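The values are calculated or read from the model by the stated rules, or taken from the named source; none is laboratory data. No experiment lies behind these values; they were computed from the predicted model shown. Methodologically, a virtual Cβ is constructed for each residue, glycine included, from the backbone with ideal geometry; neighbour enumeration extends over all protein chains shown.
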Amino acid sequence: MSDKKNTEIAVNEGFAALANRDVLNEAMADDCQGLEFSFDRMKLPAGGGTAFEIPSAESDESEMAKDITGVIVYNHPAYAYYHDKYTGGNNPPDCGSFDGVTGIGTPGGNCAGCPYNKFGSGEGQSKLCKNKRMLYILREGELFPITLSLPTGSLKSFTNYVKSQLSRGRKLNQVVTKITLKKATNASGIAFSQAVFSFERMLTAEERNAVAGVSETVKAYAANLTPASLIDDEPLVDPETREIIEPLK
């Protein structure tokens, strides 16, 4: 009797108790019907800050966190091109892509052949089309994942982390990952925040089964995204004073 009880407790610990696909699907189908639903976003700070800004579950105020730990249940490219330079606000990009292959909007079409997706098309050697990656991170104790729009300056770090896990036979949705921030500087001498990824632990078999369901649900959600989902939420920073510029409303 004691062994059975201990087994049941073990099965229901960690992500196995929280990543329930049926509950997630029902919540999104019933409570979110007719609503413009999106997952909460955490933001990277300006000027090389080392703390994430995370929406609070208890109030409208944001919370600051030195790290974020959870399972990256899904991730995909998030390309965004603005014809006019982005000046803040809620203006969606003129063109966006969620697979890095086909753009939606203007100019749209093949991303590989797009002149705005070439190095040197933007300032310096940058691209006019911002190549980011959207990460969906499920934290222990929560049912919905939180998203992180990973900027270009952190893509190499993420790529190396993915490679290191795959080389060990680990998929991202089978491990717990810790994400921190470090201060980095670009070629123009401007400081920015760079994400750093580290392996925490493998999920148990029960946790992997539960999280796999969430991965499929989030993948289906991402398949219906529009360029409006790619509104740039990075703070605008004055290149001389390094002060954050309030976005236009």
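Collect the residues in region 136-173 that are surrounded by 15 or more Cβ atoms within 10 Å (Cβ to Cβ) and more than 17 Å from the chain's Cα centre (by Cα), keeping them in residue-number order. Result: Gln165, Arg170. Return yes or no: is Glu53 in contact with a Lys or Arg (Cβ under 6 Å, 6 or more places away or on another chain), at pLDDT below 90, not in a helix (DSSP H, G or I) and not hydrophobic (A, V, I, L, M, F, W, C)? The answer is yes for Glu53. Considering the conditions (1) over 25 Å from Arg170 (Cβ atoms); (2) of a type outside the set (A, V, I, L, M, F, W, C); (3) modelled with pLDDT of 90 or more, Asn75 is excluded by exactly one of them, (1). Whether any residue in region 103-114 is polar (S, T, N, Q), assigned to a strand (DSSP E or B) and more than 24 Å from Ser193 (Cα to Cα) is what I want to check. Within region 103-114 (the criterion being polar (S, T, N, Q), assigned to a strand (DSSP E or B) and more than 24 Å from Ser193 (Cα to Cα)), the answer is yes, since at least one residue qualifies. The set of residues in region 186-220 being among the small types (Gly, Ala, Ser), outside any helix (DSSP H, G or I) and surrounded by 14 or more Cβ atoms within 10 Å (Cβ to Cβ) consists of Ala191, Ser193, Ala195. Looking across Lys183, Lys156, one residue alone is outside any helix (DSSP H, G or I) and charged (D, E, K, R). It is Lys183.
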